[in-house]
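Written out below as structure tokens is the structure these notes cover.
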Amino acid sequence: MKKVLKPFKFGTMKTAADFEKTMTEAGLPFPVDENVDILAKPIQIGDKIVPNRLCIQPLEGFDGEPDGSPSDLIRRRYKRYAGGGAGMIWYESIAISEDGRCNPLQMVIRPSTVQSIREMVEEANAEAIKNFGRRPYNVLQLTHSGRRSNNKQWQSTPLAVCENPYMDDHNSIDGSSGKITIASDDKIEEIIRGFIDGAILAKQAGFDAVDVKICHEYILRELLSAFTRPGKFGGSFENRTRAVFMIIDGIREHLGDSIDICVRMNAYDCVPYPYGWGMKKEEGVMEPDLTEPIKLCQMLVERGVRLIDLSTMMPRYQPYGRGLMAEHEEGPEAEINPYKGTFDLLKATKEIKDAVPGGIFVCTGLTWLEQFGGNVAAGGIRDGWCDLGGFGRQGFAYPDFAKDLLQDKTMYRNKCCVLCDKCYDLIQIGHCQTGCVMRDQEVYLPLYKKNVLKK
């Protein structure tokens, strides 16, 4: 079983300077600013204004309705996010098709659900307007789960683009795997059309931007690393990025500039070449090489896709050592140091941003830094590591962290995510709706007891 190392005692650190000193001495010189005022500075994307530099990143709540529409719990979540003050809300991944769902409770965008999705966005916007006199910039993440797909019975139905010995035996989010189907070129073109249709519906639902999701272990990300796939969607850089640009061009053809296009993409995969993207092109070597990610980001910006949220398989994984494999191994080699993983990802974000000056970059992994996440976001923006600070699980636990940072200039430790992974347990073990068991106990503790502890 994996062991996530937590060597730092954040409760004993009284100031951002204490945090910075501790991390620097540990060889992790995060950018840190005790003054978080820069987080209140708006930023312009196209003809729209993002009111501040704080972003809530997409977290699948696994609590939609069976037909793919948002449930009351999803509406509640986004109302809390918007009412909590974040300037950008990156709505959780919504599947473009039934066979692209990663679980039977994931939302699906289709004509029958678009009105209820629009109502969810309008309710959230109204909460932000009530609290702050403005609404957030709203991004919808579109996805096809690919090798992460599951059917209505929670049975794994992985659709891959090529064989991958590092991933083929654990495709479902609970670590299992069904029989893998390799997608034909025709199937990939069907998925491309699904993304375009999804973007058209996202515009109808009132989103400011649509995210063509190329991160984590999902199908468009896998195409980026399809070095061993024959045909027009594999092998060369041009072929491996073909689907992404076909989607972008198709959206532009139908919608012009009426909706922004952005991406959440892996800076690297934590899986060795020839099965991993952004990795050194020496077989089996676990070391990042950002040449292709930089090239892709440059091409995206040239096509007007300026907003880029950089991630990896998960921020806790390092692009060195065992990487993604540590999640599925036992013994000392399975240890995961999430602080090194987070630092590596932030450092890669800086390197890519330096090489792509026209991009607007959101960083990932700040929840691991607990009450100092806002200080690192401010330091990263000040020092050019990123343009917006992205918080994932922190939103589950602490939906009004942005308000506290902007008004009180701090994040309160007693409201922060405690990094207990119980939200993952709800998904991986409980196969049910997920949220913060510790900070949102009235809603999620009963689900945890019933579905995880079986009490």
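Things to note:
- Distance in nm between pseudo-label sites at Asp47 and Asp185 (7 Å out along the Cβ direction from Cα): 3.9 nm
- Here the peptides 8-16, 123-131, 155-163 are ranked by packing, the mean other Cβ count within 10 Å, and the order with the highest first is 155-163, 123-131, 8-16.
- Overall size of the range 103-148 from C-alpha positions, given as principal axis extents largest first: 42, 21, 15 Å.
- Share antiparallel - DSSP beta bridges, the range 74-223, percent rounded to 5: 5 percent
- Efficiency of FRET from Cβ geometry, Ile38 and Asp421, R₀ 35 Å, rounded to 0.05: 0.65
- Taking all pairs of distinct alpha-carbon atoms in the chain, Kirkwood radius in angstrom: 21.8 Å
- Fraction of accessible area attributable to carbon and sulfur, the range 374-432 (%, probe 1.4 Å): 47 percent
- Note that the range 186-241, at 37 °C in a medium of 0.692 mPa s, gets a Stokes-Einstein diffusion coefficient of 265 µm²/s from its Kirkwood radius over C-alpha pairs.
- D (Stokes-Einstein, µm²/s), Kirkwood Cα radius, the range 198-271, 1.002 mPa s at 20 °C: 163 µm²/s
- In the range 306-455, the ratio of gyration radius to Kirkwood radius, Rg to Rh, stands at 1.01 when only Cα atoms are counted.
- For the range 29-171, accessible area per residue (1.4 Å probe, heavy atoms of protein chains only), Å²: 34 Å²
- Residues of type lysines that Lys79 reaches as a straight line, Cα spacing below 22 Å, ignoring anything fewer than 8 places off in the same chain: Lys48, Lys130, Lys203, Lys403, Lys415
- The range 233-280: equivalent-ellipsoid semi-axes (sqrt of 5 x gyration tensor eigenvalues, Cα, Å): 27, 13, 5
- Taken over the range 99-230, the ratio of Cα radius of gyration to 2.2 N^0.38 Å equals 1.20.
- Ligands, DNA and RNA left out, the 1.4 Å accessible surface of the range 108-261 is 48% carbon and sulfur atoms.
- Each semi-axis of the equivalent ellipsoid for the range 1-77 is √(5λ) with λ an eigenvalue of the Cα gyration tensor; in descending order they amount to 34, 24, 11 Å.
- Selection of trypsin sites (Lys or Arg not before Pro), the range 136-200, meeting DSSP coil and at most 10 other Cβ within 10 Å: Lys179
The values are calculated or read from the model by the stated rules, or taken from the named source; none is laboratory data. The structure presented is a predicted model; accordingly, all values stated were derived computationally and were not measured. A quick note on method: Cβ atoms are made from the backbone with ideal geometry, for glycine too, and the neighbour counts reach across all protein chains shown. Just the protein is used for accessible areas: all its heavy atoms, side chains included, with ligands, DNA and RNA removed. Shrake-Rupley method; radii C 1.70, N 1.55, O 1.52, S 1.80 Å.
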